[in-house]
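> Before we start, here is the structure in question, set down as structure tokens.
The values are calculated or read from the model by the stated rules, or taken from the named source; none is laboratory data. From a predicted model like this one, the values you see are computed outputs, not experimental measurements. Cβ atoms come from the backbone with ideal geometry, glycine included; neighbour counts cover every protein chain shown.
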């Protein structure tokens, strides 16, 4: 069984602050070539800001100069590293989300798994349950 820790990305944890502007978050996403940034207050994960959040915000006439705190997703769904990659993919499909932070028992972020990571794993290895 493939575990989340086997496919999560540890090198692409891009962080912003709730007080950063959406413009700053989008710039970080572009520079790191990722579809989401994790929002931290100090060492605590308080949200996630994604491409979808950006699109919905702009569609409502929002400004890039507003704060990330105003548009981020606050109720972040996360996984533990020893959970199955299949569970991660199932959650993402059922909830319509593309990025999940991976945390330890204390809530510290260890990595991020994307729907692309899961799909790549299942296609490459035909790791269907």
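> Name the single residue that is surrounded by the most Cβ atoms within 10 Å (Cβ to Cβ) among those in segment 31-49 being out of contact with any helix residue (DSSP H, G or I) (no Cβ under 9 Å at 6 or more places or on another chain) and assigned to a strand (DSSP E or B).
Once the filter is applied, the top-ranked residue is 48.
> A follow-up question, please. Among (1) assigned to a loop (DSSP other than H, G, I, E, B); (2) touching a residue at least 40 places away in the same chain (Cβ under 8 Å); (3) farther than 27 Å from residue 3 by Cβ, where does residue 82 come up short?
(3)
> Tally the residues that are in contact with a helix residue (DSSP H, G or I) (Cβ under 7 Å, 6 or more places away or on another chain) and either part of a loop (DSSP other than H, G, I, E, B) or surrounded by fewer than 15 Cβ atoms within 10 Å (Cβ to Cβ) (or both), restricting the search to segment 68-79. Spell out the reasoning first.
Step one: filter segment 68-79 for residues in contact with a helix residue (DSSP H, G or I) (Cβ under 7 Å, 6 or more places away or on another chain), giving 68, 71-73, 77, 79.
Next, only the ones that are either part of a loop (DSSP other than H, G, I, E, B) or surrounded by fewer than 15 Cβ atoms within 10 Å (Cβ to Cβ) (or both) stay: 71-72, 77.
Summing the residues that are in contact with a helix residue (DSSP H, G or I) (Cβ under 7 Å, 6 or more places away or on another chain) and either part of a loop (DSSP other than H, G, I, E, B) or surrounded by fewer than 15 Cβ atoms within 10 Å (Cβ to Cβ) (or both) in segment 68-79 gives 3.
> Evaluate segment 3-16: report whether one residue or more is over 27 Å from residue 121 (Cα atoms), surrounded by 15 or more Cβ atoms within 10 Å (Cβ to Cβ), out of contact with any helix residue (DSSP H, G or I) (no Cβ under 7 Å at 6 or more places or on another chain) and modelled with pLDDT of 95 or more. Please lay out each step first, then the result.
So the first thing to find is which residues in segment 3-16 are over 27 Å from residue 121 (Cα atoms), and the list is 16.
With surrounded by 15 or more Cβ atoms within 10 Å (Cβ to Cβ) added as a condition, the list becomes 16.
Adding the requirement that they be out of contact with any helix residue (DSSP H, G or I) (no Cβ under 7 Å at 6 or more places or on another chain) leaves none.
Checked against the condition, which is being over 27 Å from residue 121 (Cα atoms), surrounded by 15 or more Cβ atoms within 10 Å (Cβ to Cβ), out of contact with any helix residue (DSSP H, G or I) (no Cβ under 7 Å at 6 or more places or on another chain) and modelled with pLDDT of 95 or more, segment 3-16 yields no hits at all.
> Further question on the same structure: Since residue 65 meets every condition but one in (1) surrounded by 13 or more Cβ atoms within 10 Å (Cβ to Cβ); (2) at pLDDT 95 or above; (3) in contact with a helix residue (DSSP H, G or I) (Cβ under 7 Å, 6 or more places away or on another chain), which condition does it not meet?
(1)
> Okay, next question. Quickly run through segment 102-119 and pick out the residues that are surrounded by fewer than 21 Cβ atoms within 10 Å (Cβ to Cβ) and touching a residue at least 40 places away in the same chain (Cβ under 8 Å).
The answer is 103, 107, 108, 109, 110, 111.
> Filter segment 24-35 down to the residues that are in contact with a strand residue (DSSP E or B) (Cβ under 7 Å, 6 or more places away or on another chain) and at pLDDT 95 or above and list them by number. I'd like the intermediate steps shown before the answer.
So the first thing to find is which residues in segment 24-35 are in contact with a strand residue (DSSP E or B) (Cβ under 7 Å, 6 or more places away or on another chain), and the list is 24-25, 28-29, 35.
Within segment 24-35, 24, 25, 28, 29 qualify.
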